[in-house]
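Q: Have a look at this one.
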Amino acid sequence: MSAANGIEVVGLVREYRKGPRAVDGIDLSVAPGEIYGFLGPNGAGKSTTVHVLTTLLPPTAGTARVGGFDVVKEGPKVRSIIGVALQEAALDPLLTARDHLRLQATLQSVPKSERRARADELLERVGLADAADRKVQGYSGGMKRRLDLALALVHRPRILFLDEPTTGLDPQSRTALWEEVARLRREDGVTVFLTTQYLEEADVLADRVGIIDHGRIVAEGSPAALKDEIGRPSVHAIPCDERDREAIARVLGRFGEPLGSTRDVAVRLREGVGLADIVRALDAEGLTLLDLELRAPTLDDVFLAKTGRTLEGAAEEAEVEPGRGGV
Amino acid sequence: MRRWNVVSGVAWRTLKNALTNPQILLPTMLFPLFFFTAFAGGLSQVSKVPGFDFPPGYTAFQFVFVLLQAAAFGGVFTGFGVARDFEGGFAKRLLLAAPHRSGIVLGYALAALGRWAITAALLTVVALLVGMEVGGGAVDVVGLYTLAMLVNFCGYFWAAGIAMRFRTIQAAPLMQMPVFLVLFFAPVYVPLSLLEGWLRTVASVNPITYLLETGRGFVAGDAPHVLGAFALALAFGCLFWLWSFRGLRSAEAAGA
């Protein structure tokens, strides 16, 4: 596929000098107009992949085509059709938001006659109209991210790369950004490649999700399909008395396989088991609980099933393993 | 056209920052003025040394050095800005937005020239106000400023090459020190003929000496080895231009 708005990656590898393989032979394809969620813990290789796809970093091996253009051989063409908001907003603290938009529009060759109107429109859209003439050094983290998004949209890109766009945002700003991304796809047909470590974000926004761990894609599909793959729900129990933990685990163990990595006592239920059966069994043993919850499979369950770790656990692991490519 | 948009965008942003933030512009303007007043004023008696032969006087003699020094350091200071942009991450925005990345390097070069032009104008006004005599005609004056412009490009392209290889402001001494040494191992206070010992030997092979003599000749209206000086400045300009573009490739390979 080399569709005008699509992304196609084959065998992509990126090695850092004296470092590990941050990206280790990934294949993926994103259809035009699709929102593709790239999910994984810190250091999994998400940002490195984005850097390669946006021509910021050359691949060590493999090929990648963005909008039909090869990222190595046709870098200028790729850059002219993509918009990028990186994990850390690349802003000049001494410039105002309006200055940034003017600069971005100039760099992207937006016709002079359109620049002012386009800047006003975007400032309004991201809620920065009132702060447009203030220097960025006084902006909050959320304001910087919103400006970064506006900058990525200046030249009406066909493909948008958002690298952890909601990290550090308050819930209200996060929801607003999700709505904006959904609107871009719905109304403008923009293809969105979104990296995130938030399960909810991938679940809400993405048509398809690729889960990356240690530089490799371990699962790919629509959030619903991935969860269906895991299939069965799980039951999570919090004991009233910690001393009952083992007994509760023994009882729950009769109804499914234990989920060792979770903080409560939990099992993935076998086919045909209902919550009522479990409650009766616990009651018969005289065990009391603080909470008992039946959970449908989540993307974290998918991650757990594919990697043997929870996404949260993997993130903590990445923090104590700084040698891995964390770009 | 797209490349020009990148050049003009980068230059506009760099100049806007310089013109609206005194902490950026003032040092590049004040240092040359300080050097000029200190050298031309405080050392004016040097012109009475036997064998010192420069008809327009010591003020003009020093003016040429300070003009070339301001040009070189104006370029180097712009290189500092390039390094800061890479260190702070802003360069990523430029690399991602610019279809043609060579325009980024040239945009900073245009900004360096703009910054130096402001300093040069101020320096010239001050020099004329304190009574600098100019023996050369309009062509000589154009020659002097063109030569200084080439020195500005050399200083900038040299520093930009370092900045893009190291991508940190900590590389600033590496950008500045060689330029500082080359400038001050030239006949700064007296003509080459009055220098003695190892300094004379070093100054004789220092390319800046050649440019300085031509520049001073322009002010005196009797410029020696004009073609050689321009050829030398152009050759170094091309060399450092290549050096800076290789630096850009190095930054691209490292992912900025």
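The values are calculated or read from the model by the stated rules, or taken from the named source; none is laboratory data. Bear in mind the structure is a predicted one, so any value in this text is a computation, not a measurement. Virtual Cβ from ideal backbone geometry, glycine too; neighbours counted across all protein chains shown. SASA here: full protein model, heavy atoms, side chains in, ligands and nucleic acids out. Shrake-Rupley method; radii C 1.70, N 1.55, O 1.52, S 1.80 Å.
Q: What nm value, rounded to one decimal, do you get for the distance between residue B:46 and residue A:228 when each label is placed 7 Å out toward the C-beta?
A: Result for the modelled spin labels: 8.5 nm.
Q: I need to check one value: relative contact order of the stretch A:7-227, counting alpha carbon pairs closer than 8 Å and at least 6 residues apart, in percent.
A: That works out to 30 percent.
Q: Determine the dipole magnitude for the protein assembly as shown: charges of +1 sit on the beta-carbon of Lys and Arg, -1 on that of Asp and Glu, nothing else is charged, the reference point is the Cα centre, and the result goes in debye to the nearest 20.
A: The dipole of the protein assembly as shown has a size of about 1940 debye.
Q: Still on this structure, I have one more. What base-10 log of the normalised intensity I(q)/I(0) is obtained for the stretch A:76-135 from the Debye formula, alpha carbons as equal point scatterers, at q = 0.17, 0.18, 0.29 Å⁻¹?
A: Normalising to I(0) and taking log10 leaves -0.62, -0.70, -1.34.
Q: Select from A:91, A:311, A:287 the residue whose mean-square fluctuation is largest in a Gaussian network model of chain A (Cα-Cα springs shorter than 10 Å).
A: Its mean-square fluctuation being the largest, the pick is A:287.
Q: What's the magnitude of the charge dipole for the stretch A:103-194 around its Cα centre, counting Lys and Arg as +1 and Asp and Glu as -1 at the beta-carbon? Answer in Debye, nearest 20.
A: Numbers: 16 positive and 14 negative charges, 48 e Å.
Roughly 240 debye for the stretch A:103-194.
Q: Percent of Cα-Cα pairs per 10 Å bin, from 0 to the last occupied bin, for the stretch A:7-227, please list those.
A: Percent of pairs per bin, in order: 8, 34, 36, 18, 3.
Q: Moving on. Find, among the trypsin sites (Lys or Arg not before Pro) in the stretch A:54-116, those assigned to loop by DSSP (not H, G, I, E, B) with at most 15 other beta-carbon atoms within 10 angstrom.
A: Qualifying residues, ordered by number: A:73.
Q: For residue A:130 and residue A:294, compute 0.36 nm times the residue count separating them, minus their Cα-Cα distance, and round to one decimal in nm.
A: Full extension from residue A:130 to residue A:294 adds 54.4 nm.
Q: Separate question: Which whole-number percentage describes the relative contact order of chain B, with Cα contacts under 8 Å and a sequence gap of 6 or more?
A: Once normalised by length, the contact order is 27 percent.
Q: Quick check on the stretch B:94-184: what does the Kirkwood estimate of hydrodynamic radius come out to from the alpha carbon pairs, in Å?
A: Roughly 15.4 Å, rounded to one decimal.
Q: Within the set A:46/A:227; A:144/B:92; A:135/B:16; A:227/A:306; A:46/A:306, which residue pairs have Cα atoms separated by over 19 Å?
A: A:46/A:227
Q: Starting from the stretch A:239-295, pick out the GluC sites (Glu not before Pro) whose DSSP state is loop and whose Cβ has at most 13 other Cβ atoms within 10 Å.
A: Those that pass, being in a loop and sparsely packed, are A:271, A:285.
Q: Please give the direction-averaged projected area of the C-alpha convex hull for the protein assembly as shown, in square nanometres with one decimal.
A: That works out to 33.4 nm², a quarter of the Cα hull's surface.
Q: Here is a further query. Identify all aspartates and glutamates with a Cα-Cα distance to residue A:18 below 17 Å; exclude those on the same chain that are fewer than 8 residues away in sequence.
A: A:321
Q: Restricting to Cα pairs below 8 Å that are 6+ residues apart, what does the relative contact order work out to for the stretch A:1-97? Please round to a whole percent.
A: On the way: 151 pairs, mean separation 28.9, N = 97.
Result for the stretch A:1-97 is 30 percent.
Q: Now for a separate question. Given R₀ = 41 Å, FRET efficiency for residue B:129-residue A:120 by Cβ-Cβ distance, to 0.05?
A: 0.35
Q: Can you grab the distance from the C-alpha centre of the stretch B:60-103 to the C-alpha centre of the stretch B:208-251, Å, no decimals?
A: The two parts, judged by their Cα centres, are 17 Å apart.
Q: Could you calculate the FRET efficiency of residue B:253 with residue A:284 from 1/(1 + (r/R0)^6), where r is the beta carbon distance between them and R0 is 51 Å, rounded to 0.05?
A: 0.15
Q: According to the Kirkwood expression over distinct Cα-Cα pairs, how big is the hydrodynamic radius of the stretch A:114-160, in Å? Don't skip to the answer; put the middle values down first.
A: Working: mean 1/r = 0.0908 Å⁻¹.
Mean inverse Cα-Cα distance, inverted, gives 11.0 Å.
Q: Work out how much length residue A:137 to residue A:273 would gain on full extension: take 0.36 nm times their residue separation and subtract the Cα-Cα distance, in nm to one decimal.
A: 43.2 nm
Q: Next up: Is it possible to state the helix-based mean residue ellipticity at 222 nm for chain B, with each DSSP H run of 4+ residues giving -39500 (n - 2.57), the sum divided by total residues, to the nearest 500 deg cm²/dmol? What is it?
A: Only helices count here, giving -26000 deg cm²/dmol.
Q: Would you work out the Kirkwood radius for the stretch B:120-237? I mean one over the mean of 1/r across all pairs of different Cα atoms, in Å.
A: Computed over the stretch B:120-237, the radius equals 15.6 Å.
Q: If you find the alpha carbon centre of the stretch A:233-294 and of the stretch A:209-226, how far apart are they in angstrom?
A: 29
Q: So which GluC sites (Glu not before Pro) in the stretch B:119-225 pass both tests, a DSSP loop state and at most 15 other Cβ atoms within 10 Å of the Cβ?
A: Working: sites: B:133, B:196, B:213; in loops: B:133, B:196.
Qualifying residues, ordered by number: B:133, B:196.
Q: Now, a different point. Could you tell me what percent of the accessible area of chain A is made up of carbon and sulfur, with a 1.4 Å probe and every protein chain present? Intermediate values should be presented prior to the final figure.
A: On the way: 6910 of 14180 Å².
Percent of accessible area from carbon and sulfur atoms in chain A: 49.
Q: Kirkwood Rh over alpha-carbon pairs of the stretch A:232-296, then Stokes-Einstein at 10 °C and 1.306 mPa s: what D in µm² s⁻¹, rounded to an integer?
A: 139
Q: For a distance above 31 Å, tell me the whole-number percent of Cα pairs in chain B that qualify.
A: In whole percent, the share of Cα-Cα pairs in chain B beyond 31 Å is 25.
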